[in-house]
Amino acid sequence: GNSVTQMEGPVTLSEEAFLTINCTYTATGYPSLFWYVQYPGEGLQLLLKATKADDKGSNKGFEATYRKETTSFHLEKGSVQVSDSAVYFCALTSGGYNKLIFGAGTRLAVHP
Amino acid sequence: DTAVSQTPKYLVTQMGNDKSIKCEQNLGHDTMYWYKQDSKKFLKIMFSYNNKELIINETVPNRFSPKSPDKAHLNLHINSLELGDSAVYFCASPRGDREAMNTEAFFGQGTRLTVV
């Protein structure tokens, strides 16, 4: 079945460091790929998405490129801030109705 | 104005009790979901309704029964609560129908259920 695998956290960085969170997927067909972010005590919110191969999603300085050949959708940011501390979820849609399959989540902690 | 709202935000109850969590969306969408997030933050889909009709039931115990009185509301009733039911439950609503694959899902704040 369809699944998403993310690197385990927590990831701890200093402010202004470079961030990469790895995400790979297994899917039949051509899923859309997403990164959602969950700030402490809140629900998930969409960070970025890509709907076909070689698409790049970007938002708030974060980027991820849909790589079909490596079945990956790694999240990157050039310079993280303390306010980026959150849990990041990679996800794909499967089976219509925008059914989301999530990875396990990666907690990011950014220190001043 | 909150797009997806859940009540209550926190729920503490004893084993064996029956409880309900309510969800409402004002987005005009036809589809709503319940997700369960465990203590390790893993999110698992439970149910989905489209226009009041159950379309996804992901091997959830019969003690869990969703109810959708109209397409803007999806409630979750849990009978005979067990310790393992302790989790955060999220309601979500994406735009789209059977063919939809790439639109944003809007999540509620979550309901933290603690069974003691």
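The values are calculated or read from the model by the stated rules, or taken from the named source; none is laboratory data. On a predicted model such as this, the values are computed, not experimentally measured, just so you know. Quick reminder, even Gly has a Cβ in these numbers, built from the backbone with ideal geometry, and neighbours come from all protein chains shown.
Worth a mention:
- From the options B:Ser48, B:Ser68, residue that is under 25 Å from A:Cys90 (Cβ atoms) and either free of Cβ contacts under 8 Å to residues at least 40 places away in the same chain or touching a Cys at 6+ places or on another chain (Cβ under 7 Å) (or both): B:Ser48
- Residue in the range A:36-44 that is touching an Asp or Glu at 6+ places or on another chain (Cβ under 8 Å) and not hydroxyl-bearing (Ser, Thr, Tyr) present: no
- Looking only at residues of the range A:93-108 that are under 16 Å from the mean Cα position of the chain (by Cα) and more than 7 Å from chain B (Cβ to nearest Cβ), we find that the one that is modelled with the lowest pLDDT is A:Ile101.
- Residue count for the range A:12-33, restricted to those that are assigned to a strand (DSSP E or B) and either charged (D, E, K, R) or touching a Phe, Trp or Tyr at 6+ places or on another chain (Cβ under 9 Å) (or both): 6
- Residues (more than 16 Å from B:Phe106 (Cβ to Cβ) and part of a loop (DSSP other than H, G, I, E, B)) located in the range B:14-49: B:Gln14, B:Met15, B:Gly16, B:Asn17, B:Asp18, B:Asp38, B:Ser39, B:Lys40, B:Lys41, B:Phe42
- Members of the range A:1-16 that are surrounded by fewer than 15 Cβ atoms within 10 Å (Cβ to Cβ) and out of contact with any His (no Cβ under 9 Å at 6 or more places or on another chain): A:Gly1, A:Ser3, A:Glu8, A:Pro10, A:Glu16
- Of the residues making up the range A:9-47, those that are out of contact with any strand residue (DSSP E or B) (no Cβ under 7 Å at 6 or more places or on another chain), farther than 15 Å from A:Arg67 by Cα and within 11 Å of chain B (Cβ to nearest Cβ) number 2.
- Residues that are in a loop (DSSP other than H, G, I, E, B), within 14 Å of chain A (Cβ to nearest Cβ) and farther than 13 Å from B:Lys36 by Cα, drawn from the range B:57-116: B:Lys71, B:Arg95, B:Gly96, B:Asp97, B:Arg98, B:Glu99, B:Ala100, B:Met101, B:Asn102, B:Thr103, B:Glu104
- Of everything in the range A:14-31 that is among the hydrophobic types (A, V, I, L, M, F, W, C) and within 11 Å of the chain's Cα centre (by Cα), the residue that is farthest from A:Leu75 (Cα to Cα) is A:Cys23.
- Residue within the range A:34-43 that is over 12 Å from the mean Cα position of the chain (by Cα) and assigned to a strand (DSSP E or B) present: no
- Boolean, A:Val80 is more than 10 Å from chain B (Cβ to nearest Cβ), touching a strand residue (DSSP E or B) at 6+ places or on another chain (Cβ under 7 Å), more than 23 Å from B:Arg112 (Cα to Cα) and not in a strand (DSSP E or B): yes
- Hits in the range B:1-28 - residues which are basic (Lys, Arg) and more than 14 Å from chain A (Cβ to nearest Cβ): B:Lys19, B:Lys22
- Residue check for A:Ser72: surrounded by fewer than 20 Cβ atoms within 10 Å (Cβ to Cβ), of a type outside the set (Asp, Glu) and more than 13 Å from the chain's Cα centre (by Cα): no
- Considering residues of the range A:48-69 that are touching a Gly at 6+ places or on another chain (Cβ under 6 Å) and either more than 14 Å from chain B (Cβ to nearest Cβ) or not hydrophobic (A, V, I, L, M, F, W, C) (or both) only, the residue surrounded by the fewest Cβ atoms within 10 Å (Cβ to Cβ): A:Lys49
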